[in-house]
Amino acid sequence: AVFLGMAISTGRGIAPNPALAISGFLDEIRESRTEMSQADFLERTCQILPVLDGGSIRRRVENTVITSWAVLNPSDLSPSLSAALLTLQATRQLRLELKSDAPVKNLLGQGARQIRPFSHITFTGGGQ
């Protein structure tokens, strides 16, 4: 998972965080736009990386898992994708924005705790 950019190694093990995988495809995701709605960004991201939230592989896995799987509200992102977006913002590759009257997604943290909502992503071009 770490090698594929889907997780990071921590002092306590491995934590799901696909920031590196997303970072490698940011140009393809954004299609030369400087800003995208969260819906457009997430649609492009799951087309390119289908193991992420909403992606075809992710949906297949969710439909076949026998054990209890945490079902997210439609307005929530998984904690792993949330961590990736916060990582990409911390490295100045993008900025998560909240615009009034726009549909939002909620970033979730450990224990599915809501961190913050966002409606748009602005690409800042830093980090890489």
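The values are calculated or read from the model by the stated rules, or taken from the named source; none is laboratory data. Just so we're clear, the structure is a prediction, and the values are computed from it rather than from any experiment. Here Cβ is always computed from backbone atoms with ideal geometry, including for glycine, and neighbour counts include all displayed protein chains. Please note that ligands, DNA and RNA were not included when accessible areas were found on the heavy atoms of the full protein model with its side chains. Shrake-Rupley method; radii C 1.70, N 1.55, O 1.52, S 1.80 Å.
How much FRET efficiency would the formula 1/(1 + (r/R0)^6) give for residue 72 and residue 92, where r is the Cβ-Cβ distance and R0 is 25 Å, rounded to 0.05? Approximately 0.35, to the nearest 0.05.
Annotation: extensible slack from residue 65 through residue 39 equals 6.8 nm (criterion: 0.36 nm per residue apart, minus Cα-Cα distance).
Residue ranges 39-50, 106-117 sort as 39-50, 106-117 when ordered by packing (mean number of other C-beta atoms within 10 Å per residue, highest first).
Considering the range 78-119, its Cα convex hull presents a mean projected area of 2.9 nm². Going by accessible surface with a 1.4 Å probe and the largest first, 92, 58, 33, 12 read 12, 92, 33, 58. Sorted largest first by accessible area at a 1.4 angstrom probe radius, with every protein chain in place, the residues 77, 72 fall in the order 72, 77. Residue 27 sits with roughly 110 Å² accessible to a 1.4 Å probe, with DNA, RNA and ligands left out of the calculation. Accessible area per residue was computed with a 1.4 Å probe on protein heavy atoms; residue 61 scores about 60 Å². Modelled spin labels at residue 56 and residue 27, positioned 7 Å past Cα toward Cβ, are 2.5 nm from each other.
Quick note on the chain: its Rg to Rh ratio, both from C-alpha atoms and Rh being the Kirkwood radius, is 0.95.
Over the chain, dividing the summed -39,500 (n - 2.57) contributions of all DSSP H runs of at least 4 residues by the number of residues returns a 222 nm mean residue ellipticity of -9500 deg cm²/dmol. Positive end of the dipole of the chain (Cβ unit charges, origin at the Cα centre): among 55, 18, 38, the Cα lying farthest that way belongs to 18.
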